[in-house]
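**Student:** First, the structure itself, so that you have it in front of you.
Laboratory data are not the source of any read-out in this text; all were calculated from the coordinates shown. Just so you know, these numbers come straight off a predicted model, no measurement behind them. We place every Cβ from the backbone using ideal geometry, glycine too, and count neighbours over all the protein chains shown.
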Amino acid sequence: MSGHETRPGEVELGFDPGATPDAGITFIGRLRSPWRRGDCPHNLARARERGGDFRVELDAPYRLGLTGLTAGSKVILLYWMNEARRDLIVQTPAHSGVLRGTFSLRSPVRPNPVSLGVVTMLAVDAETGVLQVDALDCFDGTPLVDIKPWIDAVDIPPAT
């Protein structure tokens, strides 16, 4: 259905989840990174190891929303992996070769390709809407969905 390569054992949904959306999302900016298809780290830890120039560029109408954010703070970025497949529900990650359900993976391949990254802001320029951050694990130009502050008391699950 998708026209993409499927590894043995992987299961496609049989429909495109994006064909009949339940809600709309407005992108508020773009993420800037050195990464392109075939040269993108699979997670933020690898992106930090490789290094680079990583920026969040917020569109003008949303820049006032940066009020209160400061360099050194951590934020949660939600971004739309617009080039990812959306039709696999069971996947075989290349790094493990083991079949896994999509919801047990951090893969961008999912019905709604929303990714999450917790990053440290190195610089904040609210006037231009540019945040320098310590790492990004997405292609240059990836659409930004939201920015949320990281709050230790809220975002770290309690010990069980």
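**Student:** Output the number of residues of segment 133-160 satisfying the condition of being assigned to a loop (DSSP other than H, G, I, E, B) and surrounded by 13 or more Cβ atoms within 10 Å (Cβ to Cβ).
**Tutor:** Residues meeting the conditions: 9.
**Student:** Can you tell me how many residues in segment 95-118 are free of Cβ contacts under 8 Å to residues at least 60 places away in the same chain and either under 30 Å from Ala153 (Cα atoms) or exposed (fewer than 13 other Cβ atoms within 10 Å of the Cβ) (or both)?
**Tutor:** Residues that pass the stated criteria total 16.
**Student:** If you check Phe54 against the conditions, is it surrounded by 15 or more Cβ atoms within 10 Å (Cβ to Cβ) and either without any contact (Cβ under 8 Å) to a residue 24 or more places away in the chain or among the aromatic types (Phe, Trp, Tyr) (or both)?
**Tutor:** In short, yes.
**Student:** Return the residues of segment 87-106 that are outside any loop (DSSP other than H, G, I, E, B) and touching a Ser or Thr at 6+ places or on another chain (Cβ under 9 Å); say none if nothing qualifies.
**Tutor:** Listed by number, the residues that qualify are Leu88, Ile89, Val90, Gln91, Arg100.
**Student:** Let me ask something else about it. Please verify whether segment 12-27 includes one or more residues that are of a type outside the set (Ser, Thr, Tyr), closer than 15 Å to Leu144 by Cβ and in contact (Cβ under 8 Å) with a residue 24 or more places away in the chain.
**Tutor:** yes
Let's see how each residue does on (1) of a type outside the set (Gly, Ala, Ser); (2) surrounded by fewer than 15 Cβ atoms within 10 Å (Cβ to Cβ); (3) within 21 Å of Leu105 (Cβ to Cβ); (4) within 15 Å of the chain's Cα centre (by Cα):
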{"residue": "Thr6", "(1), (2), (3), (4)": "yes, no, yes, no"}
{"residue": "Asp16", "(1), (2), (3), (4)": "yes, yes, yes, no"}
{"residue": "Ile25", "(1), (2), (3), (4)": "yes, yes, no, yes"}
{"residue": "Arg32", "(1), (2), (3), (4)": "yes, no, no, yes"}
